[in-house]
Each structure stands twice: as structure tokens, then as C-alpha cells.
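What follows is a single structure, written as C-alpha cells, with notes after it.
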Amino acid sequence: QQPVQSPQAVILREGEDAVINCSSSKALYSVHWYRQKHGEAPVFLMILLKGGEQKGHEKISASFNEKKQQSSLYLTASQLSYSGTYFCGTLGGSNYKLTFGKGTLLTVNP
Amino acid sequence: EAQVTQNPRYLITVTGKKLTVTCSQNMNHEYMSWYRQDPGLGLRQIYYSMNVEVTDKGDVPEGYKVSRKEKRNFPLILESPSPNQTSLYFCASSRGTGGSYNEQFFGPGTRLTVL
């Protein structure tokens, strides 16, 4: 079952902040975040693990609430280069199926 | 250069004509996976492989086959393609078993059109 992302789309001006949410109906071991620019392949941003460990980029932060099975990606002081579609992927259970959400389209304007 | 390559990048074919999309990685990764991407549906996993000769179904495996005879290669086979398999396909790989805790590196994508 795909995790649910919100919002579906967001438009910002350069310098503004954004939060993208990801929620799942099942218990999670980890949450993965990727960004995809138009016409390109997805690129890794961050992994959040059960227990609080994070692996990823310094300029982007995220949280993982294991009890609520939710994660949020925080984009602060947005730049034009932040534009793209953001996907969260969730991993739960004993298999290795990484299930992605439908994506959040972020547009940063000058 | 560390990378995941896919071939072909673009393919137009007809219903029922068997085809193979190749995927190769040069990073000695154990885990490889295939996804399809359709507008409004995000990335959906087709099959994944945790190592040589170990494969398992993802969320949308119907109509696809895979094999993992070598660590670096993970081809996607469509034995009898149908128009509903028209999509953008991505191959990805990561180190470790299952890629649970490691970033996935994606190939450039293969745009498939089945007429």
C-alpha cells in the first residue's frame, strides 16, 4: 500500500520554507526521500531509520515519527534548484519492498 | 564513473513482441530493483533482487520477468507486451542486502511505448 504524501503540489518563492509530509498505514522500518527533476532519474536525499538515525544531506532535514508512521521533509530557505517532485518511500515488515508515494511537486519561483 | 546504465533509452514496439530492457551497474551492489513510473501514480516497484539468483516480486509484477545471473546485470523481460505496459522504467541499485538502509542509485530510465 502506497504511503500518502501531502501536499500534492506546492509553489514557493525563493527563500521560503516548505514541509512535505508522508504517512503510512503500516509499521515502518525506514523512510526514504528522493527528488526527481523533470526528465531525470530520482536522486537520493535522505533515509530515516527506526530509532532515530538519519543518513542524508546536510542542507535538508527530516523527521520520522515511528508511532504515527509519519515522516516530514523540511526544506528551508528554498532555492530555485529545489524545484522537482519529491517522493517518499517506505519500508516495512520483513521484506525488502520499497513502496513510494505518488510524489509532491515543488516549484520554486524567483 | 559509478553508474547504473539502461538500454535502450527509448523503445516503441507492438503488442506481443517480446522485449528485454537491460540494466547494469558497476558499483558491485548486491541489491537491484525495477520500477515503473506513470503520471499520477509515482514509482511502483516491479521486481527486486537481493543478490545473484535471488529475486522477488514488487507491487506490480504481472506481465514482467527478471533474472539475476550476474551481480552487475538485472534485465527486465516483457514476454508479451501490452499497451498498459507503456511507461517510464527505472532500474536502481544499492549496496547491502535489500537496500533497506542505503541509498538507491537510479539509471537514466527507459521510455517504453507499446502500440
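For B:Thr20, are the conditions met, namely being assigned to a strand (DSSP E or B) and more than 13 Å from chain A (Cβ to nearest Cβ)?
Working: assigned to a strand (DSSP E or B): yes; more than 13 Å from chain A (Cβ to nearest Cβ): yes.
Spelling it out, B:Thr20 is indeed assigned to a strand (DSSP E or B) and more than 13 Å from chain A (Cβ to nearest Cβ).
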For the stretch B:1-12, which residues satisfy the criterion of being open to solvent by 70 Å² or more (accessible area, probe 1.4 Å) and in a strand (DSSP E or B)?
B:Asn7, B:Tyr10, B:Ile12
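When you scan the stretch A:1-53 for strands (runs of 3 or more DSSP E) that lie fully inside it, which ones turn up with 2 or more residues that are within 16 Å of B:Leu41 (Cα to Cα) and within 12 Å of chain B (Cβ to nearest Cβ)? Write out each step before concluding.
Working: elements: A:4-6, A:9-13, A:18-23, A:30-36, A:43-49.
So the answer is A:4-6, A:30-36.
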Is it true that some residue in the stretch B:41-54 is within 22 Å of A:Lys97 (Cβ to Cβ), of a type in the set (D, E, K, R), open to solvent by 70 Å² or more (accessible area, probe 1.4 Å) and out of contact with any Cys (no Cβ under 9 Å at 6 or more places or on another chain)?
yes
Please go through (1) at pLDDT 95 or above; (2) under 12 Å from the mean Cα position of the chain (by Cα); (3) not aromatic (Phe, Trp, Tyr) for B:Gln85 and return the number of the only condition it doesn't satisfy.
(2)
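Restricting to the stretch A:1-19, give me the number of residues that are open to solvent by less than 80 Å² (accessible area, probe 1.4 Å) and farther than 16 Å from A:Gln69 by Cβ. Before the answer, list the steps.
As a first pass, look at the stretch A:1-19 and keep what is open to solvent by less than 80 Å² (accessible area, probe 1.4 Å): A:2-3, A:5-7, A:9-10, A:12, A:15, A:18-19.
After this cut, where a residue has to be farther than 16 Å from A:Gln69 by Cβ as well, the list is A:7, A:9-10, A:12, A:15, A:18-19.
Selection size over the stretch A:1-19: 7.
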When you scan the stretch B:56-75, how many residues do you find that are open to solvent by less than 60 Å² (accessible area, probe 1.4 Å), without any contact (Cβ under 8 Å) to a residue 40 or more places away in the chain and outside any loop (DSSP other than H, G, I, E, B)?
1
Is it fair to say B:Thr15 is assigned to a loop (DSSP other than H, G, I, E, B), of a type in the set (Val, Ile, Thr) and more than 11 Å from chain A (Cβ to nearest Cβ)?
yes
Looking only at the stretch A:59-90, count every residue that is at negative phi and in a loop (DSSP other than H, G, I, E, B) and tell me the total.
9
In the stretch B:76-99, what residues are open to solvent by less than 30 Å² (accessible area, probe 1.4 Å), under 15 Å from B:Tyr47 (Cα atoms) and in a loop (DSSP other than H, G, I, E, B)?
B:Gly98, B:Gly99
Please determine, by comparing only the residues of the stretch B:36-61 that are among the polar types (S, T, N, Q) and more than 7 Å from chain A (Cβ to nearest Cβ), which one is farthest from the chain's Cα centre (by Cα).
B:Asn51
Criterion first (β-branched (Val, Ile, Thr) and under 24 Å from A:Leu45 (Cα atoms)) does B:Thr13 satisfy it?
no
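Restricting to the stretch B:27-43, count the residues that are closer than 13 Å to B:Phe74 by Cβ and assigned to a loop (DSSP other than H, G, I, E, B). Steps first, answer last, please.
Of all residues in the stretch B:27-43, those closer than 13 Å to B:Phe74 by Cβ come to B:27, B:29-35.
Next, only the ones that are assigned to a loop (DSSP other than H, G, I, E, B) stay: B:27, B:29-30.
Of the residues in the stretch B:27-43, 3 are closer than 13 Å to B:Phe74 by Cβ and assigned to a loop (DSSP other than H, G, I, E, B).
Restricting to the stretch A:86-103, name every residue that is more than 8 Å from chain B (Cβ to nearest Cβ) and crowded, with 23+ Cβ neighbours inside 10 Å.
Scanning the stretch A:86-103 gives A:Tyr86, A:Cys88, A:Thr90.
The values are calculated or read from the model by the stated rules, or taken from the named source; none is laboratory data. None of these values were measured; they are calculated from a predicted model. Every residue, glycine as well, gets a Cβ built from its backbone with ideal geometry; the counts of neighbours run over all protein chains shown. Quick note on the areas: whole protein, heavy atoms, side chains included, nothing else; ligands and nucleic acids left out. Shrake-Rupley method; radii C 1.70, N 1.55, O 1.52, S 1.80 Å.
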